[in-house]
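Data first, discussion second: the structure below is written as structure tokens.
Here, each number is a calculation from the coordinates, and none is a lab measurement. If you're wondering where the values come from, they're calculated on a predicted model, not measured in any experiment. Positions of Cβ are backbone-derived with ideal geometry, glycine not excepted, and every protein chain shown enters the neighbour counts.
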Ligand code: 2BA
């Protein structure tokens, strides 16, 4: 068994949730915050049998979009008075960041 940790943009949360349920996957949704943008994103924990992994990756890949977002590199409030404030830069955000971990044991009591 594998544990898939999948981080997506909040905008893709509902679509991915619907499609995962439709495809019969079991999962937990955690509200999370990206360390760089410090915006809310969504983390899925999905326990999956190894043969189902390719299907899962397909469902994730087909239901989250990569997009560009403008961000200020230095938060305005963190800049000292009179400091040069860099103009916003574009960073690619999403579609999904996926980690696949081995599961030593899975028990249900
Ligand atoms: P954030 O940390 O808020 O990052 C949002 C996007 O900002 C990233 O998209 C990336 O395009 C850009 N970015 C992140 N760190 C950067 C940096 N140091 N310099 C320049 N640009 C940077 P994604 O790579 O698609 O990541 C989306 C979210 O997935 C991240 O939100 C974070 O919550 C999570 N994530 C990504 N890589 C991770 C990792 N290695 N470990 C844990 N979480 C990760």
- Estimated distance in nm for a label pair at residue 91 and residue 1, the labels positioned 7 Å out from Cα along Cα-to-Cβ: 3.4
- Order these peptides, 48-61, 24-37, by their mean beta-carbon neighbour count within 10 angstrom, highest first. 48-61, 24-37
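Sort 104, 12 so the one with the fewest other Cβ atoms within 10 Å of its own Cβ comes first. Kindly include the intermediate steps, with their values, before the conclusion.
Details: 104 6, 12 19.
Sorted ascending by nearby Cβ count, the order is 104, 12.
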- Message: Would segment 1-44 count as rounded, prolate or oblate if I go by the C-alpha gyration tensor, calling it rounded below 1.5 in a/c and otherwise prolate when a/b exceeds b/c, oblate otherwise?
- Response: oblate
- Message: Can you compute the modelled spin-label distance between residue 26 and residue 65, with each label point 7 Å from Cα toward Cβ, in nm?
- Response: 3.3
- Message: On C-alpha positions alone, give me the angle between the axis of helix 13-22 and the longest principal axis of the chain, in degrees, nearest 10.
- Response: 10
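Using just the helices of the chain, give the 222 nm mean residue ellipticity in deg cm²/dmol: DSSP H runs with n ≥ 4 each add -39,500 (n - 2.57), and the total is spread over all residues, rounded to 500. Don't skip to the end; give the middle numbers.
On the way: 2 runs with 20 residues, N = 109.
The helix contribution divided over the chain gives -5500 deg cm²/dmol.
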- Among 68, 19, which comes first, second and so on when ranked by fewest other beta-carbon atoms within 10 Å? 68, 19
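Let me know the shape class of the chain, please: from the alpha-carbon gyration tensor, a ≥ b ≥ c as square roots of the eigenvalues, rounded when a/c is under 1.5, otherwise prolate if a/b is greater than b/c, or oblate. Walk me through the intermediate numbers first.
Values: a/c = 3.16, a/b = 2.29, b/c = 1.38.
It comes out prolate by the Cα gyration axes.
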- Mean separation of Cα contacts under 8 Å (6+ apart) over length of the chain, as relative contact order %: 38
